[in-house]
Structure formats: C-alpha cells, structure tokens
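The values are calculated or read from the model by the stated rules, or taken from the named source; none is laboratory data. Given the structure is predicted, the values throughout are model-derived calculations rather than measurements. Glycine gets a Cβ as well: all are built from the backbone with ideal geometry, and neighbour counts include every protein chain shown.
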Amino acid sequence: MRTGSDIIVVGAGIAGVMTALHLQRRGEQVTLIDRWEPGHSRAASTDYNRVIRSIHGRDDFYTLWARDSWNRWLELQAETGQQLIYQCGALILATEGHCHWEDDTADTFDRMGVPYYKFSPSDITARFPQFKVDDIAYGLFEPEAGMVMAHRGVRTALDLFLAAGGTLKRGRVTTDGEERPMLDGHPLEADVIVIATGPWMADMFPRTIKPIGTVVGVNVFYTSTPDGDDSFDQGPMPCWIDHGQGSFGLPSTEGSGVKAAVVIPSHIDIDDSERLVDQAMLSRTRSYIQRRFPGLVGERVVDSKFNQIILTPDTHFIVDWHPQHENVLFAGGCSGHLYKHGPVFGDFVAGVAVGDYGTADRFKIAGRRKLTPQESPSGR
C-alpha cells in the first residue's frame, strides 16, 4: 500500500487510538470515529487503571508483548510528561492444589529471562503484610510490573494522534445486511477501515464476530484505605491476581482506594444496560477484600465501576480481515487483557493495515476453540 492512504479507524478506545496513532505516524491520513467523546464512561477502556504484567502462563507471545509494551508506555510517559505508569509490581497468588498457570508462568519467565521472585507464604507476609495468605501455596512477584492509568492513557494517545495531524470525528458507525460499515446511511469509503469498537463489534458483525465474541460485564469496587495508613497505596502494595478466588486488584493510586474485582461475568446489553454495579457483587467483593486484607475490615467502598469486555473462546485477540470486505480489518477481542498491550497492539494492527505483514495465526477469526484455564494466556 502506498504511503498516504486514506484510513478510517472506528472506535476510540485503547485499541483504536493506538492503531490510529501508529498509522498517522507512518504517514497515513487517518480519521478516527467514535460515537462519544474518547475516554467516555461506557468504553471498555474506561476506569482509572489497569494491571500491566508479563504473567501469561506458558505463552511466550504475550509475555514478549507485555515486556515490549511496558517499555513503550514508559516512552510515552517520557514523551508527554503524563503519569501513565506506576511500577508497583504484580503478585500472583498460587492457590494450594491449583497452581498450573502459575507453575507455567515461572517456567516461561525462567526460559525468557523475565525477573521475578518466588515467595513462600511467610515471604509474602514479611514482604507484603497487607495480604492474608493462609490458603496460598506460593506467590510469584514480578517487580517490573504495575499499572497503567487507563483513562489518561486513552486521552494521551488521542492528543498525540491529533498533534500528528489525525482527524477525530463524532458519529455512529453501523453495518448493513452484508456487514458493510455505514455512517449516516451511507457506506464508509476508505482504502482501509479498521474496526476497533470493542464489545460493540459483536452486534455490528453478527455473522463474523458474534459467533466468537461473548460480551460480559464485570463489577469493580474501590475500598477506602484506613485513616493515616499508606500501606495500601501503590509502592508499599503491589497489584495482584488471585486465581483461587477468581479475583484481581490494584493498590490505591492517586487517592482512588484499593481496587478489587471478583470476576463473575454477568450479562449486559451493550447499548441498553445501565452501567450500575450489582449489589450482590458488592457484598461478595467486600467479603473477599476483608478475608484477604484484614487491615481493610470496616473500611467503606468509596467508588465502583461496571466494565464490559468481549471474550473470545481462546482469549486471543482478533486482528483479521473481513472474509467478504477486503478493506475491513478487525482489531479487538480484548478478553480482559488487551489494555496493557495497547502500544504494541496498535503498532501491530497498523502494520497489518498497510500490508507490511500478515496477521498472526492466533488472531485469525477462523479456527477458534475453547481453551482450558491452564492453556489460556489470560488464565481464564
């Protein structure tokens, strides 16, 4: 494809803005379209922060991508002066008798030279006394990990895109009966149309994406830190993943409170559902927090978010061309772990879009199958 092609990117979450930014910096003429203002509260890329870690079980591919993305987030932070990343580390809690994914992660880290520590329960208690770990076999601590500031990351990438000469447009892109992208009743016209609409991709493409994309909601709660106590802030406390309890969380950052989610996916109508958390999940998450973090007993929930994600059967992303429309490229399928990969993902999609290379087999639409949690790169 010649330099300076006309490209439309639909969807201004992290996948869309990073793709648009990389395409614009390659010299393409890019228009970015979203239904709402980028960073809006409906987006899968909303909320304050996301975990960034290289922990991906036996999967070398995503481990390398996460390591690369970590450096790229740091570069974007240095370029813009925005606080985009906090290096507080990430702790995986391996539940007694159910440690396959954590065992595989340690093997992958050994093979690839990723720094980590393997902590016994007593080590965890000594290093991170916030955690009660009487049910844990061991922990893996990745020091070169932490969190990305999610809303800020989207807005920062958007500002860079606009500064590079990109165009932002407000509008709702739909599809017709042949799954051709439409805007205001007319087919979109461009050399390449990148569809990065996150969970909306499934309903927009009912034949192509919906069969491999399940949209679910996840309740997230923020618990206040105790009076006069900074031990639950990022720095003293790491991010964590607790597979045995189906949970993950992040320490308090910039006054947010301690973030935790017990991941029990719930149904969501992507357009009609209110973004309100479930009260039953509030009780369940509070019970988890108080069991795992005794120092937070009695503290109040001070904020909450209802996030939605699109899950693929194998939790791999989608980067592939529409089978009938050769200029329509899908970019998404987050499966709950795309945000941290944003800078690398956007660069990769840009290269596929301009024909520098084909997509990876794992990202193709065809041939998807359900993976076990041990096989899955996301541990789901």
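Counting only strands (runs of 3 or more DSSP E) that sit wholly inside segment 114-189, those with at least 1 residues that are more than 21 Å from GLN29 (Cα to Cα) and either modelled with pLDDT of 95 or more or among the hydrophobic types (A, V, I, L, M, F, W, C) (or both) are 117-119, 136-142, 146-149, 173-175.
The requirement of being on the phi > 0 side of the Ramachandran plot and free of Cβ contacts under 8 Å to residues at least 24 places away in the same chain is satisfied by GLY81.
Would you point out the residue of segment 135-158, among those that are out of contact with any strand residue (DSSP E or B) (no Cβ under 6 Å at 6 or more places or on another chain) and within 20 Å of PRO251 (Cα to Cα), that is surrounded by the fewest Cβ atoms within 10 Å (Cβ to Cβ)? Within segment 135-158, the match that is surrounded by the fewest Cβ atoms within 10 Å (Cβ to Cβ) is PRO143. Only one entry in ARG26, ARG53 is out of contact with any Pro (no Cβ under 9 Å at 6 or more places or on another chain), crowded, with 18+ Cβ neighbours inside 10 Å, charged (D, E, K, R) and more than 29 Å from CYS99 (Cβ to Cβ), namely ARG26. Scanning segment 223-239 for residues that are crowded, with 20+ Cβ neighbours inside 10 Å and either assigned to a loop (DSSP other than H, G, I, E, B) or of a type outside the set (Ser, Thr, Tyr) (or both) returns THR225, PHE232, GLN234, MET237, PRO238, CYS239. Being acidic (Asp, Glu) and buried (at least 18 other Cβ atoms within 10 Å of the Cβ) is a condition met by no residue of segment 261-277. Looking only at segment 74-113, filter to residues that are over 19 Å from the mean Cα position of the chain (by Cα) and in a strand (DSSP E or B); which one of those is farthest from TYR48 (Cα to Cα)? Across segment 74-113, the extreme among qualifying residues is HIS98.
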